[in-house]
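As structure tokens, the structure follows; a few thoughts come after it.
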Amino acid sequence: MYLSYVIFGLANIFSQLYFGPATIISQVILICVILITMMKTFFILRIVEGYSYIVTMLVSVISDLRVFMFFFAILMFNFSLIFDIFGVNTADEY
């Protein structure tokens, strides 16, 4: 976990310096850094007894929803293909 945090942090610095902060690669790397930081924060919050139940519940809910999210991603991809077929623009400017 710590090694990935360091690697993504350095990749974030490199991508923002050379590509700029508004490029898609910089934004994707920054999202990964934020997700890793959030997971690390949840891991640290398990130490406090009041938060351990909530963190354990969130981890179990997210792990149970993996199959549904995979199915939902396939469904969204198929709908985007259907809308792409129906929405073909034949205007002169393209």
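Some points to look at:
- The set of residues in the range 64-76 being aromatic (Phe, Trp, Tyr) and surrounded by 10 or more Cβ atoms within 10 Å (Cβ to Cβ) consists of Phe70, Phe71, Phe72.
- Residues satisfying the stated conditions in the range 28-63, i.e. surrounded by 12 or more Cβ atoms within 10 Å (Cβ to Cβ), of a type in the set (D, E, K, R) and over 20 Å from Leu3 (Cα atoms): Arg46
- From the options Ile7, Ile13, Ile47, Ile74, residue that is more than 16 Å from the chain's Cα centre (by Cα) and not in a helix (DSSP H, G or I): Ile47
- Cβ-Cβ under 6 Å pairs, at least 6 apart or on other chains, the range 20-44 side more than 19 Å from Leu58 (Cβ to Cβ) and assigned by TED's automatic domain parsing to the domain that holds Phe8, far side aliphatic (A, V, I, L, M) and assigned to a helix (DSSP H, G or I): Ile29/Ala11
- Scanning the range 16-44 for residues that are of a type in the set (Phe, Trp, Tyr) and assigned to a helix (DSSP H, G or I) turns up Tyr18, Phe42, Phe43.
- For the range 1-15, the set of residues classified as surrounded by 15 or more Cβ atoms within 10 Å (Cβ to Cβ) and either modelled with pLDDT under 90 or closer than 24 Å to Phe42 by Cα (or both) consists of Tyr5, Phe8, Gly9, Ala11, Asn12, listed by residue number.
The values are calculated or read from the model by the stated rules, or taken from the named source; none is laboratory data. Just so we're clear, the structure is a prediction, and the values are computed from it rather than from any experiment. We place every Cβ from the backbone using ideal geometry, glycine too, and count neighbours over all the protein chains shown.
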